[in-house]
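The values are calculated or read from the model by the stated rules, or taken from the named source; none is laboratory data. Because the structure is a prediction, the values reported are computed rather than measured. Here the Cβ positions follow ideal geometry from the backbone for every residue, glycine too, while neighbour counts run over all protein chains shown. To get the accessible areas, we keep the full protein, side chains included, count just its heavy atoms, and leave off ligands, DNA and RNA. Shrake-Rupley method; radii C 1.70, N 1.55, O 1.52, S 1.80 Å.
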Amino acid sequence: MYAVNGAEDGDSLFDEPQIAMRTAPPIPGLFVPPIRLPLELANDIVQQCMNLYFDGRDVNQIMLFGRTASEHNQNMGGGLPTFLITLLHWLAEMLRGHLPEKVHEMLFPPKDAPQRARQAILNLYHPGEGISPHVDLLRRFDDGIIGVSFGKAGPLDRNHWDLYLEERSVLVLSGDARYDWTHGIDGKQKDFVSGGMDGQGEPDWIDRGTRLSITFRWLLPGADIVGGPDP
Ligand SMILES: O=C(O)CCC(=O)C(=O)O
Ligand SMILES: [Fe+2]
C-alpha cells in the first residue's frame, strides 16, 4: 500500500524496484501494530465473505452498514453481519495498548457515546489488481479508518513510502495519515519486500495471491446516502 504526500511520485533513476517495508513509515496518525488476526478467525471471515458476497459473482467490492455505539455494548456494529461484529470486538480488544487512547476511543467510542453509522467495505483483489492513490472521501467519511488485510498484500506506499501489508495485519489511518496523505496499492503481480519478518536481510520478491481487505469507516452525518456526488 502506498502514500504520497504532495511530492512527485517519479520512477527511480536506476529503475530499481521500490522495496516495500514491513514496518509502518513515520507518518503521524498511521498505525500498523504488530498484531495478526488469529488464523482460524481470518479463515472463517474470508470463507463467509466469499460465500455470501463474491463466489460466482462478478463483483469485487461490497459495502455494508451498521449502527455502532460502544464496544461495551453487545450491539457494536448492529446491522452488520455477525462475523464483522466479531471482528470489531476482536479489533477493539487487540488494538488497545497499540494505539493512543484518543485514537482507540475514536474508533471504539465509550459507552455513553451517541450512535453512529459505521460502514464496512470489503474489497477483493486478484494478483495484478490495485487501487489508485486517493484520500478516502472527505465528505462521506469521518476520521478514524481501520483496514484489515486477508491474504498476501500489496504494498501501501506514501511520499513515497511503500508498506507491505502482511497477511492478517491491521492498519489504522487517522489525522495526517487520513487527511494529508494519499494511499493506494500498485497493481502488480509481485512485490519486492524487505527481508525476513523483522525487515532485516536481503529483500525478496513475494508473489501476490488473492487479497481480501475489510475496512471500517464512520459515515459523516447525511453521508449514508450511497451514490451521492463525491467531494
Ligand atoms: O484494500 C485496502 O486495503 C485499501 C482500500 C482502500 O484504500 C479504500 O477502499 O479506500
Ligand atoms: Fe482508501
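Any residue at all in the stretch 100-121 that's open to solvent by 10 Å² or more (accessible area, probe 1.4 Å) and within 15 Å of ligand 1 (Cβ to nearest atom)?
Yes, because at least one residue in the stretch 100-121 is open to solvent by 10 Å² or more (accessible area, probe 1.4 Å) and within 15 Å of ligand 1 (Cβ to nearest atom).
Condition (residue is in a strand (DSSP E or B) and either within 19 Å of Met63 (Cα to Cα) or open to solvent by 10 Å² or more (accessible area, probe 1.4 Å) (or both)) applied to the stretch 84-91: is it met by at least one residue?
Looking through the stretch 84-91, none of the residues is in a strand (DSSP E or B) and either within 19 Å of Met63 (Cα to Cα) or open to solvent by 10 Å² or more (accessible area, probe 1.4 Å) (or both).
Quickly run through the stretch 163-190 and pick out the residues that are of a type in the set (Asp, Glu), at pLDDT 90 or above and over 20 Å from Ile35 (Cβ atoms).
Once the filter is applied, which keeps residues that are of a type in the set (Asp, Glu), at pLDDT 90 or above and over 20 Å from Ile35 (Cβ atoms), the stretch 163-190 yields Asp176, Asp180.
Restricting to the stretch 96-140, name every residue that is under 14 Å from the mean Cα position of the chain (by Cα) and of a type in the set (A, V, I, L, M, F, W, C). It would help to see each step written out before you state the result.
Filtering the stretch 96-140 down to residues under 14 Å from the mean Cα position of the chain (by Cα) leaves 107, 119-125, 130-131, 133-136.
Across the stretch 96-140, the qualifying residues are Leu107, Ala120, Ile121, Leu122, Leu124, Ile131, Val135.
What is the number of the single condition among (1) part of a helix (DSSP H, G or I); (2) within 30 Å of Ile206 (Cα to Cα); (3) open to solvent by less than 50 Å² (accessible area, probe 1.4 Å) that Ile35 does not meet?
That leaves (1) as the condition not met.
So, in the stretch 160-211, exactly how many residues are more than 16 Å from ligand 2 (Cβ to nearest atom), among the polar types (S, T, N, Q), more than 16 Å from Arg22 (Cβ to Cβ) and surrounded by 15 or more Cβ atoms within 10 Å (Cβ to Cβ)?
Final tally of qualifying residues: 1.
Being at pLDDT 95 or above, of a type in the set (A, V, I, L, M) and part of a helix (DSSP H, G or I): is that true of Val103 here?
When the stated conditions are applied, Val103 passes them.
For every residue, the table says whether it meets (1) closer than 29 Å to Glu105 by Cα; (2) of a type outside the set (A, V, I, L, M, F, W, C).
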residue: Ala177; (1), (2): yes, no
residue: His183; (1), (2): yes, yes
residue: Phe192; (1), (2): no, no
residue: Gly195; (1), (2): no, yes
residue: Gly201; (1), (2): no, yes
residue: Arg208; (1), (2): no, yes
residue: Arg211; (1), (2): yes, yes
residue: Leu219; (1), (2): yes, no
